[in-house]
Each structure stands twice: as structure tokens, then as C-alpha cells.
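Written out below as C-alpha cells is the structure these notes cover.
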Amino acid sequence: MEAIIHNLKLSWFSIKRAPLPYALTLLILSLGLGTFFSNATLYYWMNRDPIPEKSQTLFMARINSLPGDCTDCLEPSRVMSYMDMQKMSGSGITSAEAAMFSSDAYAKTLENQQATPAKVALRITQRDFFALFNVPFLYGEAWPDNKARMEVVISKNTAVKFFGRIDVVGQDMLLDDQLFKVIGVLDDWSMLPRLYDVNGRRSAEPTEDIYMPLETAYDLAIQSNTQNSFTDVDWDGNIATYPHMARTNFANMLQFWVQLDGPEKIQQYQQFLKNMVADEKAAGRHPRPEGNRLDNILDVQKAMRATNDQLDAFALVASLFLLVCVVNASHLSLNRYMANQYEFSLRRALGASRWQLQGQILADVFVSSALAFVAALLFARLGLWTINALLPGTRALASWDWQMLAVMAVFVSLVSYLVTLYPALKTSFSPLNQQLKQ
Amino acid sequence: MSVHLIFKSLLRRKVVTALLLLQLAVTLGLVVNSLLLAGAARQLVEQPTGLELEQLLTLWVKPTSAAMRLEPALSEVINRQLAAVRQMPGVDSVAYANQIPLRQGGSNWNIFEQDRQDETNIESVPYYNSSESIFQVLGIELITGRLLTELDRGTTNIVMTEKLSRQLFAEQNPIGKVTNNGVVVGVVSDFFSQRYASDAFYGQILMAPLHRAEQGYHLIVRVAQGQSDTVRKQLTEVIRNAEPQMDIGTVLRMDENRDEVFRSEIGLATLLAVLSGLMLLVAMISAYSHAHFHALQMQKEVGIKRALGASKARVLLDVLSESWLTTAIGAGFGILVCYGLNISLAKVISIPAVPVWLPLLTMVLLLLCVTLATWYPARIATRISPATATKTL
């Protein structure tokens, strides 16, 4: 213990003797690490598996059913129609399945009808949504089936915001002037990246406030606020005919998710889609080439072309910058050790073993790591702040948890050791005579 | 000092030199590619839009009551809002529309000439459902035919941009041609419509009945020159007073919409510029400390040289030329790195190819930075008096 304290003291003295070169080395190292960490943070949140316990079983299904005889159109549309959804559901192969889209509405409570309604984010979906993505309920439960009903499930924050408490099952609220009953309140829940809906590169957005049955939304003519694609739709815009029009035309806005437990089920469902498309073609529908897609939840950002390319490009550059900084810091630290070489040699002449000198160097690494870690975190915060200000849709991706901090600390220590390794070896293993002669 | 001697001295310190060269090479590669991206982003932002950006204010609104989003209440609300805005001092004209120009994406329809769908179909052409004042507000000019008036509301008459008309009908007279979306009655000058439409300058304008505003609608205000700030300050209040049950977005000037459209590109270019600046700084620190350290190490050598009659200027030049040589060699490797990095970046984002002059220019910049950083340590080296330096010999 005493030896360690002695070594740490020596490190401190050596820093104090030439503070400028040391400060410069530290600055360069932590600048590189900070930039790298800020980028790695964003990259981690964008590309992590948000639901590791079942991500292997979740798939988004699409078919290439749009009208128009187009032989080059091999890629299905990003969003599906109501008719597609009906054809893809009810296979008996999936353990859970739900179609969905995002929308918004203005909400208020019955007690507070005079208040200005507040905007809320809606997820229009079906019963199995909550089972698919392991959404935890605090009170109440999901709808018993997929039929239309004026009932909603709301998030915990929404309950607090509108009612001031969380047990609000059975309460009524107004959504766009329509009366709904709250049948469930969710526990705190988030999914980052929000992989169940990445269309429009919205994967960094928070989960929704209110969940409404799909059939009800069609009846009330609620549309998607992300993508509505009408193909060959002849509609005069009359709201009374919307529910029928939207269910029987290529008014595409749905994403359809299924849970398939195991490779056998995946294969069966693929075959089911194949047979279904063959039947459709035989019936004179589905004019485009077969283009069934079953994308795993972890590949869905790529499949929907929703990856953040700017972030990827910056990742490449930030890694290069780290390389430059590490190279530079080791160069500077080599200079520093060379300047101290005489002192090392003198210690060895007085009887210190090479391994005792290594102990001294490890103490140096420890001090540098600690200082570099703190400085790198500061630079990383600054970097994240800059990136958030400059690149859209990155604000939600800037937080650290303990695990990440631990990984960063280990990484800093490794890099510090690497930076010190060659200089240390060079100084402690150089010929003693030559050094002392100088 | 001869180049040969400098080489020898560099080879004596292989690891240090290799580290230095690697760092210089990567720095050059990064700076070149950042400059390229910055240039490309600038070109995107500064391209002509066909609109007077500083004179246009835009605002998204949506009635918070569902009933007010349907006709006839909707038209009544819009008219009330338009009338209120028109009376504001500094306002030239105002229009509503389902969407505004200069956006990433929005509401599009395909368009083709009737009976010639196979040859003329164009996917994804933005459409503007608006009022007759839209032409005056956007400041777009009539090229041929006529503009739409309130009498066209509810008919299928459409007006399109010149570029779209040329694509659809080539050199033929477009007036009176029938498309799947209506009859062409006029052609107007091009304006930047949607970035990711089939073409950014395609647009079709019509005056269909409104029916409903489920996604809200936009108000576009043309203000007198220099009045945008004054009008902008009051606009939200005026809209709120005209109808309180309204969700009101942020008032944006058209050039702010443009910056929003290209935000990813501008953002990345700025980030890389910051990083390039940091890299140059790192290169300068490294050159500084390298020269400083060697000035101390070479004290005796410098002293002997001075004693043998080398002038201060000569010693200065010796130290500097070593820096120059390493920088030049490093930058030489850097040209390889810069093409390599360009190819890797092109796989994830769109980036122009490297023109020959750019690496050379960057090399000069790098040399300049390194010279600046080496200057002070080199000066110190020259100050060593021959007597002091040779005392220990």
C-alpha cells in the first residue's frame, strides 16, 4: 500500500515538474476520447436492441400488393392498406399480431371541459400491441378483442397530466371532441430506438401518450400523421364515406407486426404469405411481382431506410480523430518519458528492478486515466450538446447509464495504458550505461 | 541542412516519425473531406429557389376542435384568419395552402396526360390546394395561359410549374391539355417545392374544395421589404385573436424553412468543420511539442553549429525545414488517406469526388499551421549561445 502511495506521489511530482507537456498530452487524449464517446453514445442508442428478451421473434410483414402493372416494382410500400392487413392476419401461426399507425389529437377531461385541449400523441393499434412489445400495465388491461370501441389505454404520464393521479381506469376523456373511456394505464415504458415505428426516421421519438383501437380510428376517419399513401383512390373527400373508402381502397398507412416463436414458425408464416399472394394473383389481384418482406425488428431501420446516415459518417470520422489523438498523445508521452529517462536510469542504478519501475509507470497510467476520464466526459458532454444542436432527431439519444460509464472508464484506462506502454518499455529497458554516461 | 541529413535524423527516431506521419496523413484526409462536404452543403443551401425567401413568413395551424376541421366551419375560420392577417401593417398578401414550398416531403400526386399514362406518368408531384392569392404571395410569374381565380374553385383546372409542363408536354402548348388531375389552364415560373419529390421544382396548383383539415393547414404571408420581423412578432397573436381554438405552430421565415430542409447536411458539414479545426489544433500542438523537445535535445548540436559559425537564421531554417519535410511526407500519404476516406464516406452519404487542387491547397494550409507552431520552439533553439551549449562537451 505504501509503495502504491509512494508511486502515486512520484507521478504527481513528475507532472508538477513539467505541467505544460503533460497538460497538452491529456488535452489531446481527452479531446479524442470525448469526441469518440459523444458519437458512440448516439450510435449506441440508435443501434441497440431495445427488447433483447424477444427481439428475435418480432417481425414486420409487408406484401407488394399495390395496383398498377409494374414489373420493376419489387420493393413493397413502407405502409400497408387495411385490406393487406386483413389478409396477413389470422394465419394461426403467430403468437401475437397487431397493425398500427401514429396520429395525434387534442385531449381534455370531462371535468375540465373549458380548458384548452392539449395535443397528445396517439398510437392507433390492436389488442396484441401490448403483448408484442412487452408493454407493462399498471392498472386495467388491453381491449378483449380488435373490435371498435370507444376505449383507450393511456400512459402513466398522461394520467397524471390530465387527472392528477394514476388510477384512472373507468374515467372518461374527450379526444377531438369524442368521448372515450380509459380502460388501462401503462407503467413507465419507453423503447429507444422506437423500432415498432421507424417510418419517417422517427425512431428517436418517445412512445405515445394514448392508445386507441384501430377499428375505432377508421370509423372516426383518423389518419396517420407519418405516411398516408393513396393509390388509385377515387374519393370525393366526404367524411361520411371515409370509413368505407379507407377499408376498401389502397389508402395505405399501416405497419403490421407479428410475433413468430422460432425458425419453424418464421418459415411457416413465410409460406403462408407466399400462398396468400399466389391466391391473390390467381384471383386477378396483386399485379406487381411477389415482394413479400418479413423484416426482423433489429433490421427494420435498414429495411425502411430510416438509419441516420449523417451519424454513420460522423462515426467514421470520429474514430479516425480518436486514432490521430491516440497517436499524438503517445508521441507526446514518449517525449515526456525520454526527458525523464535519466531519472529512471538513476533509479535503476540505485537498485530498483525493472518491475518496480513498471509499478511506477502503472501509477502514471492510473493518474492519467482518472484525469483523462473526467476531461473526456466533459468534452463528450460538449460534443453531445453540439451534435444535438446541429443534427436533427438526436436529442433523445444523449443520456448515459452506469453501464455505459463503466465501459467508458475501462476504455479510457486501456487507451491510457496503450499510450504509455511503448514509451515506458523504451525508457525502462534502455541500456543503463549509455543513459548514465550522458 | 541537406534533405539527406534530415532524413537520417528522422530515421533515427523511427517510431516517433511514423506516429507523426500517420497523424498528419489522417489530418489531411479529414480536412479535405470536411471542406468538400462544407462546399456541397453550401451549394445546396445557396441554390436559387425562385422565391423571395426574406419576404415570406409561414405558419402551420390546426383547429383543436374536430368540428372546426370540417366544412363549412373550416372555410369560415380560414377566411376570418386571412382577413385578420391582411389588415396587419406590413403585410402585402396572404394565402392558405395544404402545404408550403421548400420542404423535405409532403402531399404528392402522380400526374400523367390523359390516355398517355405509360409515356408521361410522373410519380410524386407536390400539389398545392390553395386560394387565388397564392401566386401573388409566392411571387411566381405567369409564363403562359392564365392564373386560377376563385371562379376555379371546385373545378378541375390546374396550374403547373414550367419544368413540370416541359417534362409532361415537351414543346407542345400545355394549355387545354387534360391530365389525370385536371385541365391545364396556366404555366408559372419554377420554384423549389419539395426536396424529395420526383424533381424539386415540380409543382401543381389547384383550388379543390377543402372538405377537412385533418393535418392542419399552412398560412403563407408575404410582407413588405424589411417588415418580416415586425409582422412575425404579432402574427401568432393575430391568428389567436381571430380564432382561439387553434393549435398554432412556430412562425418561420422561408429561409429558415430552407435551412431546416438541409439541416442534416449543414449540421454534418459544421460538425466536420469543427472537428477539422480540432485536428489542425492537435497537429499544431504536436508540431510545437515535437520541435520544443528536439530543440532541448539538440542543444549541444545546435551549440556546436553556432560555434562553427552557423547564423541564427540558419539554425532557424534547420529546425523549420525538418518540420516542413515531415509535414510534406505526411501530407503525401494524406492524399491516399483522403481518397480512401472519400470512398468510404460515399458509401453512407452523398459526397462529391475529390478535385486535384483541394489536397494541395490543404497541404499548404497544414504547412502554414505547422510553421506557425514550430516558430516559437525554433526561435528558442537559436537563442542558445555557443558557449552554454558546448560547456559540457
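Quick note: the coordinates plus some simple rules give every number you see, no bench work behind them. Please read these numbers as outputs of a predicted model, since none were measured by experiment. Neighbour counts are summed over all protein chains in view; Cβ atoms, including those assigned to glycine, are modelled from backbone coordinates with ideal geometry.
Summary table below
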{"read-out": "Value of [θ]222 nm, deg cm²/dmol, for chain A, DSSP H segments ≥ 4, -39500 (n - 2.57) each, nearest 500", "value": "-16000 deg cm²/dmol"}
{"read-out": "Over chain B: helical MRE at 222 nm, DSSP H runs n ≥ 4 each giving -39500 (n - 2.57), nearest 500", "value": "-17500 deg cm²/dmol"}
{"read-out": "Debye log10 I(q)/I(0) at q = 0.15, 0.17, 0.20 Å⁻¹ for the range B:65-244, Cα point scatterers", "value": "-0.89, -1.10, -1.39"}
{"read-out": "Residue-wise HN-Hα coupling along the range A:159-168, computed from phi with Karplus coefficients 6.51, -1.76, 1.60 (Hz; x: Gly, Pro)", "value": "4, 5, 5, 8, 10, x, 8, 9, 8, 10"}
{"read-out": "The range A:76-150 versus the range B:32-102: alpha-carbon centroid distance in Å", "value": "33"}
{"read-out": "Residue (of A:Leu382, A:Val160, A:Phe13) at the positive-pole extreme of the protein assembly as shown, dipole from beta-carbon charges", "value": "A:Phe13"}
{"read-out": "Debye intensity ratio I(q)/I(0), log10, the protein assembly as shown, q values 0.06, 0.09, 0.10 Å⁻¹ (C-alpha model)", "value": "-0.55, -1.01, -1.14"}
{"read-out": "Phi to ³J(HN,Hα) by Karplus 6.51 cos²θ - 1.76 cosθ + 1.60 over the range A:372-389, Hz, x for Gly, Pro", "value": "5, 4, 4, 5, 5, 4, 4, 5, 5, 4, 4, x, 5, 4, 5, 5, 4, 6"}
{"read-out": "Cα point-scatterer Debye curve for the range A:64-291, base-10 log of I(q)/I(0) at q = 0.08, 0.13, 0.15, 0.18 Å⁻¹", "value": "-0.32, -0.82, -1.06, -1.41"}
{"read-out": "Selection from B:Phe169, A:Tyr44, A:Gly200, by position along the positive dipole direction of the protein assembly as shown (Cβ)", "value": "A:Tyr44"}
{"read-out": "Under Karplus coefficients 6.51, -1.76 and 1.60, residue-wise ³J(HN,Hα) of the range A:354-371 in Hz, glycine/proline x", "value": "4, 6, 5, 5, 4, x, 4, 5, 4, 4, 4, 4, 4, 4, 4, 4, 4, 5"}
{"read-out": "Cβ neighbours within 10 Å from other chains - mean over A:328-338", "value": "5"}
{"read-out": "GNM result for chain A, Cα springs below 10 Å: residue of A:Asp177, A:Asp104, A:Asp401 fluctuating most strongly", "value": "A:Asp401"}
{"read-out": "Point-charge dipole on Cβ atoms (K/R +1, D/E -1) for the range B:65-244, about Cα centre, debye to 20", "value": "540"}
{"read-out": "Dipole magnitude of the range B:238-313, debye to nearest 20 (Cβ charges: Lys/Arg +1, Asp/Glu -1, about Cα centre)", "value": "940"}
{"read-out": "Cα centroid separation - the range B:302-327 against the range A:293-312, whole Å", "value": "58"}
{"read-out": "Distant-in-sequence amide H partners of A:Ser77 (H built 1.01 Å from N, under 5 Å)", "value": "A:Ser65, A:Leu66"}
{"read-out": "Which listed pairs, of B:Lys8/B:Lys305; A:Lys108/B:Lys233; A:Lys156/A:Lys265; A:Lys87/A:Lys147; A:Lys16/B:Lys305, have C-alpha distances above 27 Å, in listed order", "value": "A:Lys108/B:Lys233; A:Lys156/A:Lys265; A:Lys16/B:Lys305"}
{"read-out": "Semi-axis lengths, Å, the range B:222-299, gyration tensor of Cα atoms, sqrt of 5 times eigenvalues", "value": "54, 13, 11"}
{"read-out": "All aspartates and glutamates inside 13 Å of A:Lys281 as judged from Cα atoms, apart from same-chain residues fewer than 8 positions distant", "value": "A:Asp69, A:Glu290"}
{"read-out": "Neighbour cut-off at most 13 other Cβ (10 Å), DSSP loop, chymotrypsin sites (Phe, Trp or Tyr not before Pro), the range B:183-247", "value": "B:Tyr196"}
{"read-out": "Volume per residue of the C-alpha convex hull in chain A, rounded to whole Å³", "value": "207"}
{"read-out": "Charge dipole (debye, nearest 20) of chain A; +1 at Cβ of Lys and Arg, -1 at Cβ of Asp and Glu", "value": "2500"}
{"read-out": "Between the range B:189-238 and the range A:324-340, the alpha-carbon center distance in angstrom", "value": "58"}
{"read-out": "Relative exposure of A:Asp209, B:Asp255, judged by other C-beta atoms within 10 Å (fewest first)", "value": "B:Asp255, A:Asp209"}
{"read-out": "Residues A:Ser229, B:Ser130 arranged by fewest to most Cβ contacts within 10 Å", "value": "A:Ser229, B:Ser130"}
{"read-out": "Ascending count of other beta-carbon atoms within 10 Å, so fewest first, for A:Trp12, A:Trp355, B:Trp109", "value": "A:Trp355, A:Trp12, B:Trp109"}
{"read-out": "Selected from A:Ser229, B:Ser344, A:Val410, residue furthest toward positive end of dipole (the protein assembly as shown; charges at beta carbon)", "value": "A:Val410"}
{"read-out": "Rg/Rg_ref, the range B:170-243, where Rg_ref = 2.2 N^0.38 Å and atoms are Cα", "value": "1.55"}
